[in-house]
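Here the structure comes first, spelled out in structure tokens, and everything after it is commentary.
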Amino acid sequence: MVRSFLSLHAKAPLEEVAAWVKGRTGGAGVYLVPDPPWTSLYHEALEAQEDLEAVRSFLRELSGLGKALAFWVQAEEDLLFLLAEGKGVVAELRQGPELGEALRAPEELRPLLERAKALPPEHAVRALANFFGLHPDHALLGFLDLLEAEEEGGLPEEVVYLE
């Protein structure tokens, strides 16, 4: 099975992220998973839209709470990584046949993104998540992964679901 997923992460407490995301669910579900100091978001509508600009816009707004990351892998061969701070995207790595190619980053992050670009998408996600102190398992999940875990009764208690 070919995997695609979108995960978003804010360096902010779960309560702040939950309050912020209400009204921004797009009429769909959003899972929130605490991983202090990060909170991970899995947004059904954004994942289903597969719209680069919608992801970028959502992440910019989310970064008003603190540093924010997005990891988007499509069909296991396209990768998008975004880092936003202060409501602006400050780093971007995009590669693959569907998303095209881009690498934009401050000098201190450029070598990291260049190394990540040379890796397969899921390995790049793992490496980038580790660098930012985010649990790699949280970066490698999407909404559908959590929905499946919920249906199988495998969601941890601390996961919050909003509609």
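The values are calculated or read from the model by the stated rules, or taken from the named source; none is laboratory data. The structure presented is a predicted model; accordingly, all values stated were derived computationally and were not measured. Here the Cβ positions follow ideal geometry from the backbone for every residue, glycine too, while neighbour counts run over all protein chains shown. Each accessible area value is taken on the protein alone, full model and side chains, heavy atoms only, with ligands, DNA and RNA left out. Shrake-Rupley method; radii C 1.70, N 1.55, O 1.52, S 1.80 Å.
Could you provide, to the nearest whole Å², the per residue accessible area of the chain with probe 1.4 Å? Don't skip to the answer; put the middle values down first.
On the way: 7660 Å² over 163 residues.
That works out to 47 Å² for each residue.
How big is the charge dipole of the stretch 5-162 about its Cα centre, in debye rounded to the nearest 20, if each Lys and Arg gets +1 on its Cβ and each Asp and Glu gets -1 on its Cβ?
It comes to approximately 800 debye.
Here is how the number arises for the chain: DSSP H runs of 4 or more residues each give -39500 (n - 2.57), the sum is divided by the residue count, and the result at 222 nm is -9500 deg cm²/dmol. Cross-link reach is defined here as a Cα-Cα straight distance under 26 Å, omitting same-chain residues fewer than 8 places apart; for LYS117 the lysines meeting it are LYS11, LYS67, LYS87.
Show me 106-117, 148-159 ranked by packing, highest mean number of other Cβ atoms within 10 Å first. If you can, show how the numbers build up before the last one.
Details: 106-117: 13.8, 148-159: 10.7.
Put in order of decreasing packing, that is 106-117, 148-159.
With all protein chains in place and a 1.4 Å probe, the accessible surface of the chain carries 49 percent carbon and sulfur. Considering only LEU147, LEU128, THR25, the residue lying farthest towards the positive end of the dipole of the stretch 5-162 is LEU128, judged by Cα position with unit charges set on Cβ.
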